[in-house]
């Protein structure tokens, strides 16, 4: 589908920090293997520090929709699907990786950049075997803070952006703007998504979806999502996903989901596995 990145529109969090130290040589030399070992240990220590000291993350993988929350100011959030398997009509392949990068700004905003690397095992459709697809850049804004931040009442947010040109995928660009309402109770959480946009094929489309989650206090909670998407060319998609999110740490969550989509084109089956890391 084609929303803010494909059928997402959101729903990891983490990043890679690199640090370099310049060592001036005087009257001694350092063996290359010793340098490599020192760098490896330093990078490992930095990764562990980020892992244990970063802030909380809410996973909105493995969904196509999103929640009405944003990353904290100056917080980086990585939503990563290392490998997704899919079967679309007579074609099958993997998406490795599916990547969404979020950076929190002041004023309850975040910048979202996303894309997927798709690899086809067979090519009955005549598409390129390897392509970069579902690329998008957007800005998300929370207009009302509520139960997602331990307040009361619903959260209300919007996410608007551009569909960026792809590599060996759909040509051109597009626009999309979504409204999101989220409400959390002790028994579970609901996220409502509605989107209108202009596709890369210059058709208007709309997306309506709902995400249901089990109790947030559970370390592993069941989740599901259903949505419908249509455009002015007559294309339509009905999709359902079931899965689970396991909150390993406050800043790290793992997810799995199985999605079935029916449309007036090829039907789609996906298996999604990934994690969300924030710091």
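Descriptive notes on the structure:
- Pair list, Cβ < 6 Å and 6+ apart or interchain, from segment 240-253 residues that are within 15 Å of residue 218 (Cβ to Cβ) to residues that are modelled with pLDDT of 95 or more and not in a strand (DSSP E or B): 243/62; 247/219
- Scanning segment 129-139 turns up no residue that is part of a helix (DSSP H, G or I) and over 22 Å from residue 84 (Cα atoms).
- Unmet requirement for residue 86, which otherwise passes all of (1) modelled with pLDDT under 95; (2) closer than 23 Å to residue 164 by Cα: (1)
- Within this structure, residue 70 fails the test of being over 21 Å from residue 256 (Cα atoms), assigned to a strand (DSSP E or B) and either in contact with a helix residue (DSSP H, G or I) (Cβ under 7 Å, 6 or more places away or on another chain) or modelled with pLDDT of 50 or more (or both).
- Extreme residue, surrounded by the most Cβ atoms within 10 Å (Cβ to Cβ), among residues of segment 254-279 that are over 16 Å from the mean Cα position of the chain (by Cα) and assigned to a strand (DSSP E or B): 261
- Test: residue 182 is closer than 24 Å to residue 161 by Cβ and surrounded by fewer than 19 Cβ atoms within 10 Å (Cβ to Cβ): no
- Per this entry, residue 240 is not counted among residues that are within 26 Å of residue 78 (Cβ to Cβ), in a strand (DSSP E or B) and at pLDDT 95 or above.
- Residue count, segment 136-160 (criterion: surrounded by 14 or more Cβ atoms within 10 Å (Cβ to Cβ) and on the phi > 0 side of the Ramachandran plot): 0
- Which numbered condition residue 95 fails, given (1) crowded, with 21+ Cβ neighbours inside 10 Å; (2) not in a strand (DSSP E or B): (2)
- Considering the conditions (1) under 30 Å from residue 218 (Cα atoms); (2) surrounded by fewer than 16 Cβ atoms within 10 Å (Cβ to Cβ), residue 171 is excluded by exactly one of them, (1).
- Qualifying residue in segment 240-253 (condition: exposed (fewer than 14 other Cβ atoms within 10 Å of the Cβ) and over 19 Å from the mean Cα position of the chain (by Cα)): no
- Residue that is modelled with the highest pLDDT [pool: residues in segment 37-57 that are within 27 Å of residue 158 (Cβ to Cβ) and surrounded by fewer than 21 Cβ atoms within 10 Å (Cβ to Cβ)]: 56
The values are calculated or read from the model by the stated rules, or taken from the named source; none is laboratory data. Because the structure is predicted, anything quoted here is derived from the model rather than measured. Here Cβ is always computed from backbone atoms with ideal geometry, including for glycine, and neighbour counts include all displayed protein chains.
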